Amino acid sequence: MKFKCNQQILSKALNIVSKAVTIRTTIPVLKGILLNVTNDGKLILTASDLDLSIEKSIDVMVEKSGSTIVMAKLFSDIIKKLPNEEINIELKEDGNVNIKTNSSEFNILGTSADEFPSIGEIENIETQLSFNKNIFREMVRKTYFCASSDESKGIIIGVLLEIEENNFNMAALDGFRMAVAREKLKNEKTENIIVSARILNEINKILFESDVEEDIKLIVSNKKAAILMERTKIVIRLLEGEFIKYKSIIPKEKNTSVIIDKNELLNSIERASLLAKEGKNNLVKFKIVNNLLSITSTSEEGAVKEEIIMEKEGKDIEIGFNSKYIIDAIKVIEDEQILMEFNTSTTPCLIKPLEGKAYEYLILPVRIPGN
């Protein structure tokens, strides 16, 4: 194996595939990246943690085809630190990989490519869809953080991708809050898949770093899915099981509706949360009376009170929340104003747009001591 390539192009490709490298594994080869140089002038880089596999190809000047595995962190760090110029990379007969520029030379250990797991092709394709890259990114950004991060919680560590006729929805929940994002999509099939929130977040990082505006393709089989974009293939192992019927959780009744400026609310809660230590659940109290929202929080260190003018319909209400859950939700909303709906002080709050159903956030209240 022997080839030449541009340092910046290789470094950017390594940054993408490295997102599938795991250090928490007993399988040494999964800490590496497979380099495969083909006769048609391509370097194909592949990494996998068995749940997420990423394959990226770039154009190189090939002198000799071949393949090897290099330790991901070491190889990436070396390439990143090299000057922006042509790099010569060669697999020597002793198995070492020689990396050379005009002023630098490294020799690092290579491993036989035969040991690398095959990421395989997607077989028995059930669904194939195309998405606008930015719309897909925005839906992930609005939902993934509401999934549970506790691996023992089973299916709710994942995000539901719900493909309906002419609709595409994402939903995530952790038992205390829920996020739903919706978009119109031309489609005739119905399909539900569940993807780890951790993996979706890594995919979102790749999409963010991509400067190509082409649509992405989603291909689904019974246990795997693949996302295809700009010479990049991302293969995902799907979570198995039935997702919670999230639509039945969304409240149907409301006694109080509030239209409020999102940024005012965010800034006020962030200030109030500085003292939100009561009961170790980041408690902030909402008191909605007439057209005034009072947000209060107390701790041993002191107390805070914030007031916001808003529009209200229905009954006055006093209710407590974990400030983090409210902040997380409204931080990803871009609307200037939001609608908040309440039923009682012990039932969930619903946050949604003034018009349409592009997103919904459901947040369980925290019981206020003494109430």
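Just so it is clear, none of the values below were taken in a lab; they were calculated from the coordinates. The shown structure was predicted, so the numbers you read here are calculated from the model rather than taken from an experiment. Every residue, glycine among them, receives a Cβ derived from its backbone with ideal geometry; neighbour counts consider all protein chains shown.
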_Student exercise, the stretch 237-369 dipole from Lys, Arg, Asp, Glu Cβ charges, in Debye to nearest 20_ = 460 debye
*Could you work out Rg/(2.2 N^0.38 Å) for the stretch 22-152, with Rg from alpha carbons only?*
1.29
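Using the count of nearby Cβ atoms within 10 Å as a rough guide to exposure, how do Glu151, Glu115, Glu270, Glu341 rank from fewest to most? Don't skip to the answer; put the middle values down first.
Numbers: Glu151 9, Glu115 12, Glu270 15, Glu341 20.
Starting with the residue having the fewest Cβ neighbours, the order is Glu151, Glu115, Glu270, Glu341.
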*asked:* Let me check the size of the stretch 246-333 from its C-alpha atoms; what are the radius of gyration and Dmax in Å?
replied: 13.4, 41
*In Å, what Rg and Dmax follow from the Cα atoms of the stretch 1-73?*
12.1, 36
*For helix 7-17, what angle does its Cα long axis make with the longest principal axis of the chain, in degrees from 0 to 90 and rounded to 10?*
50 degrees
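Would you mind giving the three semi-axes, in whole Å and largest first, of the ellipsoid equivalent to the chain according to its Cα gyration tensor?
48, 23, 18
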_What translational diffusion coefficient, to the nearest whole µm²/s, does the stretch 127-247 have by Stokes-Einstein, given a Kirkwood radius computed over alpha-carbon pairs, a temperature of 4 °C and 1.567 mPa s viscosity?_
90 µm²/s
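Based on the mean of other Cβ atoms within 10 Å per residue, sort peptides 354-366, 237-249, 133-145 so the most packed one is first. Don't jump to the answer; show the numbers that get you there.
Values: 354-366: 17.4, 237-249: 13.5, 133-145: 20.2.
Final packing ranking: 133-145, 354-366, 237-249.
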*Most mobile listed residue (Val332, Val70, Val220) in the chain, GNM with C-alpha springs under 10 Å*: Val332
*By count of other Cβ within 10 Å, fewest leading, how are Ser48, Ser118, Ser149, Ser11 ordered?*
Ser118, Ser149, Ser11, Ser48
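When each pair of different Cα atoms in the stretch 106-164 is counted once in the 1/r mean, what is the Kirkwood radius in angstroms, to one decimal?
Numbers: mean 1/r = 0.0625 Å⁻¹.
Taking every pair of different Cα atoms in the stretch 106-164, averaging 1/r and inverting gives 16.0 Å.
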*Using +1 on the beta carbon of Lys and Arg, -1 on that of Asp and Glu, and nothing else charged, what's the dipole of the chain about the Cα centre, debye to 20?*
540 debye
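State the Kirkwood hydrodynamic radius of the stretch 222-269 in Å, one decimal place, computed from all pairs of distinct Cα atoms. Don't jump to the answer; show the numbers that get you there.
Values: mean 1/r = 0.0623 Å⁻¹.
Answer for the stretch 222-269: a Kirkwood hydrodynamic radius of 16.1 Å.
In the stretch 276-336, which GluC sites (Glu not before Pro) are in a loop and have at most 16 other Cβ atoms within 10 Å, using DSSP for the loop call? Walk me through the numbers on the way to the answer.
Working: sites: Glu278, Glu300, Glu301, Glu306, Glu307, Glu311, Glu313, Glu318, Glu334, Glu336; in loops: Glu300, Glu301, Glu334, Glu336.
The qualifying sites are Glu300, Glu301, Glu334, Glu336.
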*Over the chain, calculate the relative contact order: mean separation of alpha carbon pairs under 8 Å at least 6 apart, over the residue count, as a percent.*
13 percent
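Strictly greater than 15 Å: what percent of every Cα pair in the stretch 192-282 meets that? Mind showing how you got there, number by number?
Numbers: 3113 of 4095 pairs.
That fraction is 76 percent.
Which whole-number percentage describes the relative contact order of the stretch 221-371, with Cα contacts under 8 Å and a sequence gap of 6 or more? Could you put the intermediate results ahead of the total?
Numbers: 282 pairs, mean separation 33.9, N = 151.
For the stretch 221-371, the relative contact order is 22 percent.
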*asked:* I want to verify a result. In a Gaussian network model of the chain, Cα cutoff 10 Å, which of these has the top mean-square fluctuation: Ile108, Ile44, Ile351?
replied: Ile108
